[in-house]
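Working notes for the structure below.
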Amino acid sequence: MRRLFLTSCSLILLRPLMVTNEIGRSAKVWSSMSPAREMGAGNAIMTNSMIKIKLNRHIFGRQPEQRLWRTGLFISTLQDNRVQEWAHTLKQTRATRKTILDRIASTQSKLVARLGVVMAIRLDELANTIGATLRGDGATLVHSCAPIDRAQVGQVSFLANRKYAAHLATTNASAVIVVSGETAKAGVATLEAVDPYFAFRQAMVALHGFRKHPAPILASQKNNSISERAVIHATVQLGRDCVVHAGAVLERGVTLGARCVIYPNAYVGEGVNMGDDCIVYPGVCIYDGCVIGNRVTLHANTVIGSDGFGYATHKGRHEKIPQSGIVVLEDDVEIGSCCVIERAAMEETRIGAGTKFADLISIGHGTRIGKHCLLVSLVGISGSVDMGNYVVLGGQAGVTGHLSIGDGVQVAGKSAVVGDIAPGMRVAGVPAIESDISLRNHLVFRDLYGMSRKLKSLEREVAKLQDAKKSAGISSHENPSSTNPPL
């Protein structure tokens, strides 16, 4: 019995030494793994977290009752200050975790650069890539882009809107893309470009690149680019290097070009013909017979080729008209999330090459949109509209059916187009008229209440004058010339 008691005491006394050694090793390992010296106190914080883990495992045991017994015995026996500190650390678990996350967030850009997620390049190399003239130190390294008012060292920004010109004197960016002649504060290089916004786009491509598409889950043993959980009809023709994710459905007769990516739960209907390098994001539905060009991107939950809104009212009932047409999306079209493009009742609904849609846009059946148009969110276009090339429709603009909109037309946001628009016009308002006239009308409308009060005040003054004349015996309808002798 005495031997058992001495053995137990020895184990209890040796336990803190074992834990201390474990803590030391953990701290050393974390210190060697620290990705950036700048984290400073972050190393000590993570060491405390390691202490918590080792204490849980080595001192307090794994079972609750064992942990409680060991805690009381160990602390009451040794009464060691270090043990009390460790116990206090355990109580601060949540606070410690929050501190860790804050520290990591504050050093995100440095960690990204150190871990190689993006490649840092020299400013002179970036200038050659984007076609800009460098004013500053060409050896400076940059690794990402950021807005001019929030950019930090190692980042590139741009100035394309004079509204933000004041930030040139305060920005912390390593370089700013500007037009020729612009200068920034000391220590900030400038990249002079003819078109700063396009140069910024080029910098984004060089430093960030485009989205990398993940490999499918549960890839087939025969083809690691096709998920076993994708539903693909035997007659489907897949181009080279296509990727089809779990839950995607490709109906009979579908043809995909090379390097297409079909994300989970996308539906490609019977007989759809899709070109090369297309991306179909989750939840997209492409109805049967539609034609998709090359390099077309369809974002999540967009619908292509649903039935047009066509009904014939007869004897008090709305009778559906079959929608036998299709939808054609030409090359380089990009459609945002939750858009709907209806199939034509006859022939086709067509979206021209290079046209870009934002989110939540509805296109009626039989509408033809030209090349390189821009449609901002919440635009609605009724059926059978003929739209030219390079047309811009602002957010929430609406177009009634059976109209013609010429090339280069610009429609302001929230406008209602109810008539044909000649090429090159800029229109605004409800209904949409020339933007200059609409702006003048709007300025008048803003003061409409004040004008109404002035008009009422003038009416009262006129009434007073008329009353004064009547009281003086002068009729307002009397001809004053009748009192004068003839010449």
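Considering only segment 150-173, state which residues are of a type in the set (Gly, Ala, Ser) and not in a helix (DSSP H, G or I).
Within segment 150-173, Ala151, Gly154, Ser157, Ala160, Ala173 qualify.
Quick one: would you say Glu251 is in contact (Cβ under 8 Å) with a residue 24 or more places away in the chain and closer than 20 Å to Val327 by Cβ?
It is true that Glu251 is in contact (Cβ under 8 Å) with a residue 24 or more places away in the chain and closer than 20 Å to Val327 by Cβ.
Check off (1) farther than 24 Å from Cys373 by Cβ; (2) at pLDDT 95 or above; (3) not acidic (Asp, Glu) for Thr483 and give me the number that stays unchecked.
Of the numbered conditions (1) farther than 24 Å from Cys373 by Cβ; (2) at pLDDT 95 or above; (3) not acidic (Asp, Glu), the odd one out for Thr483 is (2).
From the list Gly325, Gly305, Gly283, exactly one residue is buried (at least 17 other Cβ atoms within 10 Å of the Cβ) and on the phi < 0 side of the Ramachandran plot. Which is it?
Gly325
Of all residues in segment 338-356, count the ones that are under 16 Å from Gly401 (Cα atoms) and in a loop (DSSP other than H, G, I, E, B).
Within segment 338-356, residues that are under 16 Å from Gly401 (Cα atoms) and in a loop (DSSP other than H, G, I, E, B) number 4.
List every residue pair whose Cβ atoms lie under 8 Å apart, where the two residues are 6 or more positions apart in sequence or sit on different chains, the first residue falls within segment 395-407 and is farther than 15 Å from Leu375 by Cα, and the second residue, located anywhere, is polar (S, T, N, Q).
Thr400/Ser382; Gly401/Ser382; Gly401/Ser384; His402/Ser382; His402/Ser384
So which pairs qualify, if the first residue must be in segment 130-147 and assigned to a loop (DSSP other than H, G, I, E, B), the second must be crowded, with 19+ Cβ neighbours inside 10 Å and β-branched (Val, Ile, Thr), the Cβ gap must be under 7 Å, and the two must be at least 6 apart or on different chains?
Filtered contacts from segment 130-147: Ala132/Ile177; Gly136/Thr190.
Taking segment 94-145, which residues are small (Gly, Ala, Ser) and at pLDDT 55 or above?
Ala95, Ala120, Ala127, Gly131, Ala132, Gly136, Gly138, Ala139, Ser144
How many residues does segment 380-402 hold that are under 19 Å from Val327 (Cα atoms) and outside any strand (DSSP E or B)?
Matching residues across segment 380-402 total 8.
The values are calculated or read from the model by the stated rules, or taken from the named source; none is laboratory data. These figures come from a predicted structure and were not determined experimentally. Every residue, glycine among them, receives a Cβ derived from its backbone with ideal geometry; neighbour counts consider all protein chains shown.
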